[in-house]
Structures are given as structure tokens and as C-alpha cells.
Amino acid sequence: MKQIAFVLTLFFLLTTACTEQINENEVQLVDLSAHNMKIIPVKPTSSDEIKLVVYEDCTYNVLSGVTRNDKTIDIRKQFNSMMKWPCVMRNDTIRIGKLPEGTYTVNYKLVDISTYVTDPIALSFSFSLMVSR
């Protein structure tokens, strides 16, 4: 009996540990205009101040962080859907800064910080950013 319980427990642990969560909102993008976004300047160089412009963004979507780790840049914005604020549209400019020459992966994530949502990630995608000399 103990062996059966052990095997069932091991089977349960392996099946839950090996399941991969797939987020349907994650999309690999080539064209930022599909999400009303644009990199300025269009072809950045290492001497340019690089910015990500989000067109028609709700004012309640607040930038919570821009972090860079080697060739990966994470941009995170957040909102709280429990607040029920009206969506007042505005353009938002996110400063990425000056980057050395290279190809970077930019991960953009919009997160709902409400405690009542089952999937807090409202929008998540990645795109490539090439910086020339």
C-alpha cells in the first residue's frame, strides 16, 4: 500500500512539475505599430537617446520599471483593474537611454496588480532592438 501511495505521489508531482504554462497574450512582434508603439529614433545609434513611444495609452497604466541586464531590456507597466478608473488616452514616452552597439531583446509587460484577477499579465511581448555604431 505504501508503494502505491509513493508511486501515485511521485506521478502527481512529476505531472504538475512538467506542465508548461502558455500565456496566450505573449506574442513575438516584428512591427511595433500593431500595438501603437514606436522606437525613436527609428534607426538608433550608440550616441542616440532611445525612447519607446506608446500611442493612445491609458493614463492609469503607470511605468513601474525599466531594467537592463546585458542584452535584455525589461519594460514593465502596471494598473489596478479594481480601481475602475476611466481610460483617458494619452501618448506615453518611455526613456530607454543610450545603449552600446548591439542587438537587444526588449520585453514589454503590462500587469494588472489587482488581487482578484486570475491572470495578472494583460499584455506581454518581445521585440528586437538593433543599435548601430
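Coordinate-derived values only; no laboratory data. Every value quoted in this text rests on a predicted model; they were computed, and no experiment measured them. Note: ideal-geometry Cβ built from the backbone for every residue, glycine included; neighbour counts use all protein chains shown.
Annotations for the structure displayed:
- In this structure, TYR55 and MET82 have a Cβ-Cβ separation that, at R0 = 30 Å, corresponds to a calculated FRET efficiency of about 0.70.
- Near THR59: Cβ cut-off under 10 Å, other residues only, Lys/Arg at +1 and Asp/Glu at -1. The net charge is -1.
- Count Lys and Arg as plus one, Asp and Glu as minus one, and take only other residues whose Cβ is under 15 Å from that of SER33; the net charge is then -2.
- Spacing of the modelled spin labels on THR115 and THR45, each 7 Å from Cα toward Cβ, amounts to 5.3 nm.
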